[in-house]
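Peer 1: There's a structure below that I have some questions on.
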Amino acid sequence: MEVVILPSSKEIGALAADAIEALVRRKPNAVLGLATGSSPLPIYDELARRHDEDGLSFAEAHGFALDEYVGLPLGHYESYREVIRREFTNRVDIKPENVHGPDGTAGDILGACAAYEAAIKAAGGVDLQILGVGTDGHIGFNEPGSSLASRTRIKTLLEQTRQDNARFFSSINDVPHHVVTQGLGTIMDAKHVVLVATGVGKAAAVRDFVEGPVAAICAASVLQLHPHATILVDEAAASELKLADYYRHTYTNKPAWQGI
Ligand code: F6R
């Protein structure tokens, strides 16, 4: 696990975008794993800028969303399918038919989850997965207690997560209780994971998953077992890390050719 501490979300967005740009230029039909929420927005802004100004193309790329609310009607403004479209895929040239998300409206949720796993596999697996982390340590919507080997399935949100996400809805009563999410096993299959966390509100979660034990109580800690996990944090999110100085020293002295 590589921890990179950067001054602000602007630098975080740029560094993550560098990795995605390098991937898409090397492999135009790359499969991107797309997260929603606030954390990835600087990455999407930077990729949209590079698309507009530098001709970075996603024409052959594929995208798979991490998760989706259950119970929001198709086309709901806060459904993650819509958020991904609005924040990223409508701003670049990725083909709409190449962008997929778990189906939170399916009558047969189990069947839809299995089909989603099969679609990721058929596309060749995720090359680079963008992640945020919840204040309770969730990635995707794998809440505390999630099996470290889990696959795409339905989950119940913690009240803390519903409160955290209430800012996107007019009232907490409108935040669904259920979600469909890629499992921790699904996320672990991605070839490279890039997790972004900013702000002091994420400091405890970052401390726990980076430096605490690998345990289902903190789902993101499973990333300690990933062969290529990059954690991009600002100073506030890094403020509870014991080895912060070591991470800074390591990154400062890293050979430039290595990238993240
Ligand atoms: C979103 C997702 C969640 C968020 C997490 C952090 O697709 O999977 O794990 O990444 O809840 O959300 P923000 O970035 O809004 O703090």
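Table: residues versus (1) within 14 Å of the ligand (Cβ to nearest atom); (2) in contact with a strand residue (DSSP E or B) (Cβ under 9 Å, 6 or more places away or on another chain).
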residue: LYS155; (1), (2): yes, yes
residue: GLN160; (1), (2): yes, no
residue: GLN163; (1), (2): yes, no
residue: PHE168; (1), (2): yes, no
residue: ASP174; (1), (2): no, no
residue: VAL179; (1), (2): yes, yes
residue: LEU184; (1), (2): yes, yes
residue: MET188; (1), (2): no, no
residue: LYS191; (1), (2): no, yes
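Peer 1: Out of (1) near the ligand (Cβ under 10 Å from one of its atoms); (2) surrounded by fewer than 18 Cβ atoms within 10 Å (Cβ to Cβ); (3) on the phi > 0 side of the Ramachandran plot, the odd one out for GLY55 is which?
Peer 2: (1)
Peer 1: Out of (1) on the phi > 0 side of the Ramachandran plot; (2) buried (at least 18 other Cβ atoms within 10 Å of the Cβ), what's the single condition that is false for GLU68?
Peer 2: Looking at each condition in turn, GLU68 falls short on (1).
Peer 1: Is at least one residue of region 162-176 outside any helix (DSSP H, G or I), under 30 Å from ALA118 (Cβ atoms) and at pLDDT 95 or above?
Peer 2: yes
Peer 1: Residue by residue through region 23-41, note down the ones that are among the aliphatic types (A, V, I, L, M) and open to solvent by 50 Å² or more (accessible area, probe 1.4 Å).
Peer 2: Within region 23-41, LEU41 is the sole residue that qualifies.
Peer 1: Please tell me if ASP45 is out of contact with any Asp or Glu (no Cβ under 8 Å at 6 or more places or on another chain), without any contact (Cβ under 8 Å) to a residue 40 or more places away in the chain, in a helix (DSSP H, G or I) and more than 16 Å from the ligand (Cβ to nearest atom).
Peer 2: Here the answer is no, as ASP45 does not meet what is asked.
Peer 1: Quick check on my filter: what residues within region 18-42 are of a type outside the set (D, E, K, R), closer than 30 Å to ASP164 by Cα and more than 16 Å from the ligand (Cβ to nearest atom)?
Peer 2: Of everything in region 18-42, those that are of a type outside the set (D, E, K, R), closer than 30 Å to ASP164 by Cα and more than 16 Å from the ligand (Cβ to nearest atom) turn out to be ALA19, ILE20, VAL31.
Peer 1: Of the residues VAL180, VAL133, which is under 16 Å from the mean Cα position of the chain (by Cα), crowded, with 21+ Cβ neighbours inside 10 Å, within 26 Å of VAL233 (Cβ to Cβ) and modelled with pLDDT of 95 or more?
Peer 2: The unique qualifying residue is VAL133.
Peer 1: Say whether the condition of being hydroxyl-bearing (Ser, Thr, Tyr) and in a loop (DSSP other than H, G, I, E, B) is met by at least one residue in region 238-250.
Peer 2: yes
Peer 1: Only one of GLY199, GLY212, GLY183 is over 26 Å from GLY101 (Cα atoms) and touching an Asp or Glu at 6+ places or on another chain (Cβ under 9 Å). Can you tell me which?
Peer 2: Criteria check complete, one pass: GLY199.
Peer 1: Could you count how many residues in region 137-161 are of a type in the set (Lys, Arg) and part of a loop (DSSP other than H, G, I, E, B)?
Peer 2: 1
Peer 1: Now, a different point. Go through region 71-112 and report how many residues are open to solvent by 30 Å² or more (accessible area, probe 1.4 Å), part of a loop (DSSP other than H, G, I, E, B) and within 12 Å of the ligand (Cβ to nearest atom).
Peer 2: Matching residues across region 71-112 total 0.
Peer 1: Still on this structure, please answer the following. Under 22 Å from THR161 (Cα atoms) and more than 12 Å from the ligand (Cβ to nearest atom), is that true of ILE139?
Peer 2: Considered against the rule, which asks whether it is under 22 Å from THR161 (Cα atoms) and more than 12 Å from the ligand (Cβ to nearest atom), ILE139 comes out as no.
The values are calculated or read from the model by the stated rules, or taken from the named source; none is laboratory data. If you're wondering where the values come from, they're calculated on a predicted model, not measured in any experiment. Glycine gets a Cβ as well: all are built from the backbone with ideal geometry, and neighbour counts include every protein chain shown. Side chains are part of the model used for accessible areas, which takes the heavy atoms of the whole protein and leaves out ligands, DNA and RNA. Shrake-Rupley method; radii C 1.70, N 1.55, O 1.52, S 1.80 Å.
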